[in-house]
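A short worksheet on the structure shown next.
We did not get these values from a lab; they are worked out from the coordinates using the rules stated. From a predicted model like this one, the values you see are computed outputs, not experimental measurements. A quick note on method: Cβ atoms are made from the backbone with ideal geometry, for glycine too, and the neighbour counts reach across all protein chains shown.
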Amino acid sequence: MSVRTSIEEQLKTLEQEAKEAIARAQTLEAVEEVRRVYLGRRGRLTLLLRTLADLPPDERARAGAALNEAKNRLLTRLNARAQEVRQAVLDARLRSEAIDITLPGRRPLPGRPHILGRTIHQILEIFRSMGFEVVEGPEIETEEFNFHRLNIPDDHPARDMQDSFYLDRVHLLRTQVTAVDVRVLPGRRPPVRVVSVGRCYRRDALDATHAPVFHQVDGFVVDEGVRFSDLKGVLSQFAREMWGPGSRTRFQPSYFPFTEPSAELAVYFGDRWLEIGGCGMFHPKVLEMAGWDPERYTAFAFGLGIERPAMVRYGIPDIRLFWENDLRVLAQF
Amino acid sequence: MRVLWSWLVEYVRTPEPLDPSAWAERFPMLGLGVDAVERTGDDWIFDLETTTNRPDWMGIVGIAREVAAAAGGELVLPSSEVVEEGPPVNEVAVVEIADPRLCHRYVGRVVVDVRVGPSPRWMAERLERCGIRSINNVVDVTNYVMLELGQPLHAFDLDRLAGQRVVVRSARAGEQLVTLDGVERVLPEGALVIADAVRPVALGGIMGGADTEIRPDTCRVLLESAWFNPVAVRRTARALGLRTEGSARHERGGDPERVQAAARRAAELLRTLCGGRVLRGELDAYPHPSPPRTVRLRPDRLRRVLGAEIPTEVAADLLRRLGFDFQSQGDALLVRVPSHRRDVEREEDLIEEVARLWGYDRIPETMPVGALGVGHLPEDLLLERELRDVLLRAGLTEVFTLSLIHPRDLDRIGLPSEHPLRRAPKLLNPLTEEHTHLRTTLVPSLLEVLRTNRTRGVADVHVFEIGRVFGSREGGWEERKVVGIARIGRVLQGRWNLPPEAVETSFYHLKGAVEAVFEALHISDVSLTPEAAPWLHPYRSAAIWLGDQRIGWMGEVHPEVAERFDLRGRAYVAELELAPLLRGARPAQLRPVPRYPAVERDLSVVLPQDVPAGAVEQEIRRVGGPFLEACEVFDVYTGPQVPEGHRSLAFSLRFRAPDRTLAAEEVEGVLQEIRAALRERFGARIRGA
């Protein structure tokens, strides 16, 4: 009787002490120490278990059950405490790793496309989506392609408008990308849709609105039954792609030796009409010179500036900004 | 062309008065660009931009004809009445065209007893509003008629013409003339001149001579109205650097009828305004009269070309309003071109006339019918795009630089005089002193971009340009594309706590960008040799080879060159030919992703300083054989533990077999062979082994 009471009381005290020890343990090592002291091979609870053998069988079962239950409670408590301590240790480590998130980020300096490069890319993609083939031609041209094949004979007054840089008696820096058209024309079979972008040169001094070097996109469509209305349709579609679906275009009569009828194309942008280039139906003489029968085939052609629309579009007041390549400017686009 | 509204409307009769404010919008729809509109009092001045094919638009009557046609009104021409008296004109003066190539028609009239004095106020005012200074009543009449009809006129003092004779001929060698502006000019041989019996007295169509000009005491005037060869006028004007209101008009071509009408009109004005008497008849040299021109218009083709359903009667009516006569010929119209529209030569010209007056804005918008082409970008342009994208991703900003340079720019990059890049094509007629040649390399332009930015306080400049360069060779010119890269400053944002070598651009950052290009285009056959171009640091530069072709240079900018571009700090520049790059490009091809694990080992060797890391790597790869998958330098060290004149290189090696897991012993065996080879080949000492 006294023995049994004694075991149960001992168990009660022991469990109480163990609980307090667990609660006091601050490190994983301390938790393990508590486990060893109470539940280890020579732990106090283990030792108490061994005294069960001295009890009479009927009491042994009850006391054994009480002891096992106490052991399980302590194990649960120990594991939970170990988890708490691990979490606390991790928290402490993570806290010690705190950084200053307000310091600047690290990254390579970004590369930017030039405004003209971006515009050229955009324009070519639009025409490509309308079935045009992109071609290139030389910047050093002959009078033959730059003028004669475009129905601009020597001493034509149109030559005044495009005073050119010459390299020798027949070679000059092309004054219009249209020269590429008449290079391409003879070698193709209809239907042909061709577009070309590149540099052109005119004898203009560099100032706010002129540059001796500038860019143009030029293209043409030849087939049986190509109409002036197609020219309007294609260029208006281009304008909508370029400047938004609400873009308005205006075609006004003009004069170019290589087109008849000829038109000046303007786009309404911001609050005014912006002239962006010339266009028209290829003059029959141009088709004839390229070996095409103008009775059977008709063609429209266009040549648009790159710099001016880009200036208006992006609010660039001075053409020289394109050529200065000030990164404070380029980085904005 | 300045057009005074009140003057213009004198020639237009419409049921309703015309509204000038609306015409600022309407002129452009006829092809007359409006450069400016001025309002003065209750009048308007339109500054119109007229195209070079329309000489008739160089006179107010020509503009009035368009306005009348567009407004559905009627053109009222100025009176062509002239009251003549006295002896026949051919008894007092002679006109002769000595060279018919220079002059198509020359009409002379003589007015006697003129009293030279100021013009009436209305005339002086009109002239001045149109931008012409009033001189005296005689000269003013010639200018007035020029503005009115577009036909330039000249008035000679008949008594100062030797032999009372004018001859249109070309200038002979050494002939001189003092022109109205007081300048004594040596006439280029062949220039278009008007001479009297003895000497040149005027530059035909351009400017009169001082000797024969109208003076206060002039009393007999010979009026000249002519159609000079536009090319001859243009050539003479250009040769002398002299452009006038007259030459601008003559250069656009003439109208034989207008020549005569203008002479009559001016003579009559001299009679009424200067008190003169117009002698009977006219001196009309017109050796080969122009026949009237007839052009066939097929209304069906007109509709087909324009894509607009313009009824034949409507087209015919529009042409009639512009002064064209026509008669039907089957389905076609035979159109007689009036003399003031000599620019109309073919059916297309008539189609444009109809479209213009009908309204371009009324032509619908359609898309081309027929076979749908597929948009196409040729292979080389696709690759060029790829290249551009790679460079942008590598942190380089695209720049555009002018392709015109001065040889000075080549001096600045230290090119010796016989260097091939000195063969810059030279412009025959440069406009400015700094743009006289085509560029042969992007290097000076790119360094200039660095300079500009640095000067403006931009410290980190990393740029590239893909552009054309030029050259001259035996019998011609060449042009080709190159890609240039230039870098200076830091390559990273957020550089706090980083060692400078990680942040500042170096040769290796430049090389990294170049490598990115090769990688993107899948080009493997690339090698570098330690060589320098003249603008590069001789020991920090390389020639870039693709196979056995040198395709470019890269390196640190030579300190002397850097100084010429005000570049403090080290700058780097590379330039590569585009064509071989694009030829060498290969499409990407998938290599199987390895299935077996790799074995990684580090190898650290001490070598004499002058053994290049690349040579060591090559040897490692050679001995390492097919299982050596990667070999990369990860440390380069000189310092206390390494003997003088030596350096330590550490490589990280990765071995892998495609079909099994490599055993550690296999890898160890290969490593042994590598160590032995490095010892033998370079006298390397293996660290930690």
For this session: Take the alpha-carbon centre of the range B:398-449, take the same for the range B:124-188, and report the distance between them in whole Å.
Result: 46 Å
Exercise. Can you give me the Cα centroid spacing of the range A:69-98 and the range A:293-314 in angstrom?
Worked result: 77 Å
For this session: Please give every one of the aspartates and glutamates within straight-line cross-link reach of A:Lys285, meaning a C-alpha to C-alpha distance under 13 Å, and leave out same-chain neighbours fewer than 8 residues apart.
Result: A:Glu260, A:Asp293, A:Glu295, B:Glu345, B:Glu347, B:Glu348, B:Asp349
Seminar exercise, completed: Exposure proxy check on B:Lys426, A:Lys232: fewest-to-most Cβ neighbours within 10 Å is B:Lys426, A:Lys232
Exercise. So how far, in whole Å, is the C-alpha centre of the range A:116-169 from the one of the range B:591-640?
Worked result: 53 Å
Exercise. What are the trypsin sites (Lys or Arg not before Pro) within the range B:591-689 that DSSP puts in a loop, where the Cβ has at most 16 other Cβ atoms within 10 Å?
Worked result: B:Arg595, B:Arg660, B:Arg687
Seminar exercise, completed: So the angle from the long Cα axis of helix A:228-243 to the longest Cα principal axis of chain A, reported in degrees to the nearest 10, equals 30 degrees
Problem set entry | Label-point gap, in nm, between B:Glu313 and B:Ile686 - each point 7 angstrom along Cα→Cβ | 10.6 nm
Exercise. By how many degrees, between 0 and 90 and to the nearest 10, does the Cα long axis of helix B:443-455 differ from the longest principal axis of chain B?
Worked result: 90 degrees
Exercise. So how do B:Val12, A:Val177 line up by other beta-carbon neighbours within 10 Å, fewest first?
Worked result: B:Val12, A:Val177
Seminar exercise, completed: Taking Cα atoms only, helix B:379-393 is inclined relative to the longest principal axis of chain B by an angle, in degrees rounded to 10, of 70 degrees
Seminar exercise, completed: The residues B:Asp409, A:Asp293, sorted from fewest to most surrounding Cβ atoms within 10 Å, come out as A:Asp293, B:Asp409
For this session: Count charges around B:Ala532 for me, please; just the other residues with Cβ under 11 Å from its Cβ, Lys/Arg as +1, Asp/Glu as -1.
Result: -1
Seminar exercise, completed: Summed over the other residues with a beta carbon less than 13 angstrom from that of A:Val184, with K and R at +1 and D and E at -1, the charge totals +1
Problem set entry | Charge tally in the Cβ shell below 12 Å around B:Arg54, where Lys, Arg are +1 and Asp, Glu are -1, B:Arg54 excluded | -2
For this session: Please give every one of the aspartates and glutamates within straight-line cross-link reach of A:Lys232, meaning a C-alpha to C-alpha distance under 12 Å, and leave out same-chain neighbours fewer than 8 residues apart.
Result: A:Glu264, B:Asp361, B:Glu365
Seminar exercise, completed: Here the equivalent ellipsoid of the range B:613-672, derived from its Cα gyration tensor, has semi-axes (largest first, whole Å) of 27, 12, 10
Problem set entry | Gyration tensor verdict on the range A:115-330 (Cα atoms; rounded if a/c is under 1.5, prolate if a/b is larger than b/c, oblate otherwise) | oblate
For this session: Rounded, prolate or oblate: pick one for the range B:564-635, where a ≥ b ≥ c are the square roots of the eigenvalues of its C-alpha gyration tensor, a/c under 1.5 means rounded, and failing that, prolate if a/b is larger than b/c, else oblate.
Result: oblate
Problem set entry | At most 16 other Cβ within 10 Å, DSSP loop - trypsin sites (Lys or Arg not before Pro), the range B:67-118 | B:Arg101, B:Arg115
Exercise. In the P(r) worked out for chain B, what percent of Cα pairs fall beyond 39 Å?
Worked result: 59 percent
Exercise. Taking a ≥ b ≥ c as the square roots of the eigenvalues of the Cα gyration tensor of the range B:379-584, is the shape rounded (a/c under 1.5), prolate (a/b larger than b/c) or oblate?
Worked result: oblate
Exercise. DSSP loop trypsin sites (Lys or Arg not before Pro) in the range A:154-218 with at most 15 other Cβ atoms within 10 Å of their Cβ, which ones?
Worked result: A:Arg169, A:Arg188
For this session: Can you tell me the FRET efficiency between B:Arg199 and B:Leu242 if r is taken as the Cβ-Cβ distance and R0 is 22 Å, rounded to the nearest 0.05?
Result: 0.70
Problem set entry | the protein assembly as shown, helix-only ellipticity at 222 nm - DSSP H runs n ≥ 4, -39,500 (n - 2.57), divided by all residues, nearest 500 | -10500 deg cm²/dmol
